[in-house]
Amino acid sequence: MKALIQISSLLLILCFSFLAKAQTDDEPTDKNYKRAPAYTAINELRNGVLVVYLRTDHRKITTLKKLVKDHPKSKHYKKLLNRAVKEQIDLQESTIKAYALHYDFSNVLFMPDTCAKKLYAGTLHGIFVNDQLEFDEELSIGENEPFFVSFIGTPSTETSTGKKSLLIGDRTGKVLRSPFPYAVRMYSIGDILVSRSDAHVIDLVVKRQQRKLAKFYNKLLTKLAKGKLTDIVPKYDKDEKKIKLKKRRKPRKVDKNREHNKL
């Protein structure tokens with residue numbers, strides 16, 4: 001009798017094990033599949049366009065213009081307005097320059113952030129500016145061309161520390177999620193201590209954005225070369241080589257004796 005009970009128990013265990021395995025086989029549990037949206041996005045960006053928002057500070061400048069109009073004799077408001085306009089132009093010019101110098105992961109288009117609603121509504125031309133910050137009708141996105149957006153903002157505290165960052169979002173402006181490298185912190189502790197502006201730090205931030213995207217894309221190429229994720233990313237150039245990452249500069253060592261002699 002005991003032997004019969006043991007055999008029955010063993011059969012039940014084997015049966016449940018078989019069912020569990022069958023269910024597991026039907027549903028892929030590989031973590032790569034959980035990261036499928038991120039891998040799909042990085043592949044699309046590589047073959048698409050990154051639309052970089054140029055911050056206009058529209059509300060701030062409009063408010064200051066109204067104050068200057070209402071108080072024509074106020075030098076204070078005029079000074080604030082001139083400073084705001086200068087900061088806006090400096091950041092826009094610095095952003096374009098930074099992408100020209102450091103970014104080649106995908107094609108890039110620049111657009112004033114005030115045109116975001118038009119872009120989300122489906123407008124793909126007439127809203128982009130050239131290097132001289134002038135609207136150029138010849139600049140456009142193809143009808144079926146994938147594109148993503150990049151802008152300075154604060155990501156959700158659910159997925160990050162909520163610090164001011166250079167973000168990447170999808171075609172609707174929704175910020176992407178990890179493991180996609182969707183955010184690059186704008187400021188280090190040193191930048192905060194010396195009160196550097198966005199225009200001063202954007203060069204290094206864009207360089208970091210390029211590096212993060214390249215590293216994640218190289219990871220995808222490694223997996224594809226091993227025969228993984230080919231069902232998720234079926235269209236890719238099998239002959240494409242990994243993106244070379246520029247070596248980070250090591251901080252310069254300061255000769256304390258030399259610095260002391262200068263004083």
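Considered as a group, the residues in region 99-132 that are in a loop (DSSP other than H, G, I, E, B) and among the polar types (S, T, N, Q) include one that is surrounded by the most Cβ atoms within 10 Å (Cβ to Cβ), and that residue is S106.
Annotation: D203 fulfils all but one of (1) surrounded by fewer than 10 Cβ atoms within 10 Å (Cβ to Cβ); (2) at pLDDT 70 or above; (3) within 23 Å of F105 (Cα to Cα); (4) not aliphatic (A, V, I, L, M); the unmet one is (1). Inspection of region 175-191 finds a residue satisfying the criterion of being among the charged types (D, E, K, R), within 17 Å of H102 (Cβ to Cβ) and either at pLDDT below 95 or crowded, with 16+ Cβ neighbours inside 10 Å (or both). Residues that are charged (D, E, K, R) and within 21 Å of E87 (Cα to Cα) within region 61-75 comprise K65, K66, K69, K75, listed in sequence order. For region 133-155, taking the residues that are in a loop (DSSP other than H, G, I, E, B) and in contact with an Asp or Glu (Cβ under 8 Å, 6 or more places away or on another chain), the one that is surrounded by the fewest Cβ atoms within 10 Å (Cβ to Cβ) is identified as L133.
Residues that are in contact with a strand residue (DSSP E or B) (Cβ under 7 Å, 6 or more places away or on another chain) and among the aromatic types (F, W, Y) within region 45-95 comprise just one, Y53.
Here K163 meets each of (1) surrounded by fewer than 19 Cβ atoms within 10 Å (Cβ to Cβ); (2) under 15 Å from the mean Cα position of the chain (by Cα); (3) in contact (Cβ under 8 Å) with a residue 40 or more places away in the chain with one exception, condition (3).
The values are calculated or read from the model by the stated rules, or taken from the named source; none is laboratory data. Remember, it's a predicted structure, so these values are computed and weren't measured experimentally. Here the Cβ is made from the backbone with ideal geometry for all residues, glycine too, and neighbour counts use every protein chain on show.
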